[in-house]
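A.B. asks: The structure is given below, and queries will be raised subsequently.
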Amino acid sequence: MTSTYGRGAAVTAEGLPEWLEPVARASETIEPHQLSRFLPPETGGRQSAVLVLFGDGPKGPELLLLERAGTLRSHAGQPSFPGGALDPEDGDPASGGLVRAALREAEEETGLDPAGVQIFGVLPQLYIPVSKFVVTPVLGWWREPSPVQPVDEAETARVFTVPVDDLTDPQNRATAIHPSGHTGPAFKVEDALVWGFTAGVIDRILHYAGWERPWDRERRVPLDQRA
């Protein structure tokens, strides 16, 4: 099935590699509460989108992530998906604006060519209370990879890919403990600790795609006060 939201916003699962089909199937039925306990309020919140981009790398399936610059006011130094707030140029969020926002932000942050990305699914909206962002994860297949690197080093420290096999490795998994007492999944991969919203989305995708392997949920990783 293909949905078209205008230029750069078609959503189709046709022609995906076989290994990615479980993610596409899960995206069609997954409910918001199955992804996070932080759901958008009835009113308010800033509309935004992130690009959850799967590619086929040297070690097999992989995900594209970036590390935010350490000088930013919010989420400094934290690994995340490419993405950001909806701009007027993206159009109506109900008519593909969020898909366009995810692609535009990914291009602005990493330099990737959106023409090589096939959007195959859109997950339910979630909420980040600390920043009051209402976030839509947009699922993409990097059909034609292009070079990526930080476009603006004042915002992005580095751009990197993480093999899915590393994300599912039980030795790379832990439970992050925030100073506030909040706990959530974390991944120690590519010299980075992925936690918070990004780790939560990855954790749920691995689970509902059937890729998750048993891991020690009692392994704790404390976060510092700046987190």
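A.B. asks: Might you let me know whether segment 191-202 holds any residue that is open to solvent by 50 Å² or more (accessible area, probe 1.4 Å) and part of a loop (DSSP other than H, G, I, E, B)?
C.D. replies: There is at least one residue in segment 191-202 that is open to solvent by 50 Å² or more (accessible area, probe 1.4 Å) and part of a loop (DSSP other than H, G, I, E, B).
A.B. asks: Name the residue that is nearest to TRP19 (Cα to Cα), counting only residues in segment 151-176 that are among the aliphatic types (A, V, I, L, M) and in a strand (DSSP E or B). Let's see the steps before the verdict.
C.D. replies: So the first thing to find is which residues in segment 151-176 are among the aliphatic types (A, V, I, L, M), and the list is 151, 154, 157, 159, 162, 164, 167, 174, 176.
Cutting the leftovers down to in a strand (DSSP E or B) gives us 157, 159, 162, 174, 176.
Values: ALA157: 30, VAL159: 24, VAL162: 16, ALA174: 25, ALA176: 29 Å.
Only one residue tops the list, namely VAL162.
A.B. asks: Every residue in segment 129-150 that is open to solvent by 30 Å² or more (accessible area, probe 1.4 Å) and assigned to a strand (DSSP E or B), please. Give the derivation first.
C.D. replies: Step one: list which residues in segment 129-150 are open to solvent by 30 Å² or more (accessible area, probe 1.4 Å), which gives 129-133, 143-145, 147-150.
The one that is open to solvent by 30 Å² or more (accessible area, probe 1.4 Å) and assigned to a strand (DSSP E or B): PHE133.
A.B. asks: May I ask you to list pairs of residues, at least six apart or on different chains, whose Cβ atoms are under 6 Å apart, with the first in segment 202-223 being within 12 Å of PRO170 (Cα to Cα) and the second being among the hydroxyl-bearing types (Ser, Thr, Tyr) and outside any helix (DSSP H, G or I)?
C.D. replies: What qualifies is ARG217/THR175.
A.B. asks: Going by the conditions given, is ARG158 open to solvent by less than 60 Å² (accessible area, probe 1.4 Å) and more than 16 Å from VAL52 (Cβ to Cβ)? Break it down into steps so the answer makes sense when it comes.
C.D. replies: Values: open to solvent by less than 60 Å² (accessible area, probe 1.4 Å): no; more than 16 Å from VAL52 (Cβ to Cβ): yes.
Considered against the rule, which asks whether it is open to solvent by less than 60 Å² (accessible area, probe 1.4 Å) and more than 16 Å from VAL52 (Cβ to Cβ), ARG158 comes out as no.
A.B. asks: Do you know which of the residues in segment 106-128 that are open to solvent by less than 60 Å² (accessible area, probe 1.4 Å) and part of a loop (DSSP other than H, G, I, E, B) is farthest from LEU63 (Cα to Cα)?
C.D. replies: PRO124
A.B. asks: Still on this structure, I have one more. Go through (1) crowded, with 20+ Cβ neighbours inside 10 Å; (2) touching a helix residue (DSSP H, G or I) at 6+ places or on another chain (Cβ under 6 Å); (3) under 25 Å from THR29 (Cα atoms) one by one and return the number of the condition TRP211 breaks.
C.D. replies: (1)
The values are calculated or read from the model by the stated rules, or taken from the named source; none is laboratory data. These figures come from a predicted structure and were not determined experimentally. Methodologically, a virtual Cβ is constructed for each residue, glycine included, from the backbone with ideal geometry; neighbour enumeration extends over all protein chains shown. In case anyone asks, the SASA skips ligands and DNA or RNA and just uses the protein heavy atoms, side chains included. Shrake-Rupley method; radii C 1.70, N 1.55, O 1.52, S 1.80 Å.
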